[in-house]
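The next block holds one structure in the form of structure tokens; read it before the comments.
No value in this document is a laboratory result; all are computed from the given coordinates. What you see is a predicted model; the values in this text were computed from it and never measured. Here the Cβ positions follow ideal geometry from the backbone for every residue, glycine too, while neighbour counts run over all protein chains shown.
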């Protein structure tokens, strides 16, 4: 699993909201993100807590604003000099943080001190922004000769950036300090689902909504009563004390994204987050520029082609003036292509650059292992044999499977999970293959997923036979052999279980048993003896007498180890090589029998996984008994990795 640290400028809301959008897109690809920011916590609330961690630290100071959002030059200077006086302290803290969390890539939006952290840790740093701080400070301190050494330092720090991705709402000079630039599309937050606020709050379906938002800095001079009296609908804002019947007060710590989606008109100052989120929804924007702030020019250049906008030079207007303005607003025009959300494309561009810089240029393999309950993803460099990224998601494809067909609901859910990963992977330069195992071998309509994936994403599809799956298990677990000890690899899936002898290198023998965790759960309730008897009888048919150790590959054993060792299940690699012993398994089952399951819930995918946890522990004990083994060694590499290694092996021998 890749781990990315995103450093967010401590200025306004735009840096934070687009960093949130980027993190959410990385999450869809199974990437874990650490966001370093002191911006309000509610801006990050929509992020998946399992894949994101917010660290409340500021690594830059931005620009300080006063009344009417005018730049406070002295306060900005004081904050900047104070920051640089803590340069060594910041370097120590952040270098330790990067190493302890095993970060693979740093992204800056757009703090400059992180480049020193990159130099000390060896972790690359990319910049994603619409302006750099050299551009801002060069303008703010244009009359202050004493700040030139500071500006030169900031310029020099930016030169260490490994790659720069320049967002829209920028211009030719706003990112001059950034090297190795690539222009990229719009990043803006979006939700999978939005509330209908009119319905939720009991407003009429045709109620016009005006959203007033001025970002996270300073105070604006605006007569809200006059504005409300002039607008023929609801005025939504965070301004308290407004005496108007049609004013709706938004809680100070409420995120604006759903209000933005539902509003008809946005009244705002120029700002990246407001412009980006409003334009992606084709909202009409009324904006009033600030004084003495250099980013304004870049933002306004970026808005030039957007048809649904109106510039006003003052917010200090009378009721009649507002009324005339609202009566003259034109009809909304179609959205130009450059204002469409491009989160997925930007994410893919960043990953392509990262993998390319690591030396993986044109020999990548993307493997989607679609099992009965989970989707495992692998990005593999066939040239070096290096695993670049692994991720996994629950599909539940084979849950409640009966007869010969998968339900439309299960197929639809599996497609939704696949879509998130395929959208990003489709833009990565790699060979792509989907391996279908388990329930896909049994269901007559499983090929519906094949047709959908091939048509929409052009991905190859391979229905893996039991013998082929055993072969991939062998290649996944081979490195876990231990000298001359007898070793058997086991992969317990949802609908089948594969076992293979790791010692017979010349002619490895594999066995596929028609039992898996999901199919066993359907037989009878978990505490009944018949299920255990079924497992025992099937294992008796395997050809091996004993094994010194069992290598448990894939998610079943990783999930089991996560519970036993009280560690997060989202990163199976952290559990690789752990030893599962008989005592631990027996203790787990005793605790579950005694109703003591509360302590295990934080380490499960969901409380509904308790029956699967119990079954996988019981299955593991029967394996130990059957082969007279003392331990199970967890191998986090599954069929996807085994397939990739087999491909590399075939290339070598051929």
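A few notes on this one:
- Burial ordering of 213, 184, fewest other beta-carbon atoms within 10 Å first: 184, 213
- Volume of the Cα convex hull of region 1-95, divided per residue and given in Å³: 90 Å³
- Treating each Cα of region 477-653 as an identical point scatterer and summing with the Debye formula, the log10 of I(q)/I(0) at q = 0.16, 0.17 Å⁻¹ comes to -0.96, -1.09.
- Cα point-scatterer Debye curve for region 427-582, base-10 log of I(q)/I(0) at q = 0.16 Å⁻¹: -1.08
- Using bins of 10 Å that start at zero, the share of Cα-Cα pairs per bin across region 202-326 amounts to 12, 47, 36, 5, 0, in whole %.
- Descending semi-axes in Å of region 379-509, equivalent ellipsoid built from Cα gyration tensor: 29, 21, 12
- Kirkwood Rh and Cα Rg combined as Rg/Rh, region 426-477: 1.03
- Region 453-512 - convex hull of alpha carbons, volume per residue in Å³: 104 Å³
- Zone residues, region 249-282, relative to residue 199, backbone N less than 15 Å from point 7 Å out along Cα-to-Cβ: 262
- Under Stokes-Einstein, with the Kirkwood radius over Cα pairs as Rh, the value for region 125-241 at 20 °C and 1.002 mPa s is 116 µm²/s.
- Between residue 87 and residue 454, residue separation times 0.36 nm minus the direct Cα-Cα distance comes to 126.9 nm.
- Note on region 228-275: percent of Cα-Cα distances in each 10 Å bin, starting at 0 and stopping at the bin with the largest distance, equals 23, 56, 21, 0.
- Relative contact order (%) - criterion: Cα under 8 Å, at least six apart; region: region 477-653: 27 percent
- For region 3-183, the fraction of C-alpha pairs farther apart than 25 angstrom is 30 percent.
- Extended-chain gain in nm, criterion 0.36 nm per residue less alpha-carbon gap, residue 596 and residue 393: 70.4 nm
- Taking 0.36 nm per residue of separation and subtracting the current Cα-Cα distance, fully stretching the chain between residue 333 and residue 573 would add 81.4 nm.
- Rg/Rh ratio calculated on Cα atoms of region 113-172 (Kirkwood radius): 1.02
- Under the criterion of Cα pairs below 8 Å and six or more residues apart, the relative contact order for the chain equals 10 percent.
- Every Cα-Cα pair in the chain was counted, and those over 36 Å apart are 48% of them.
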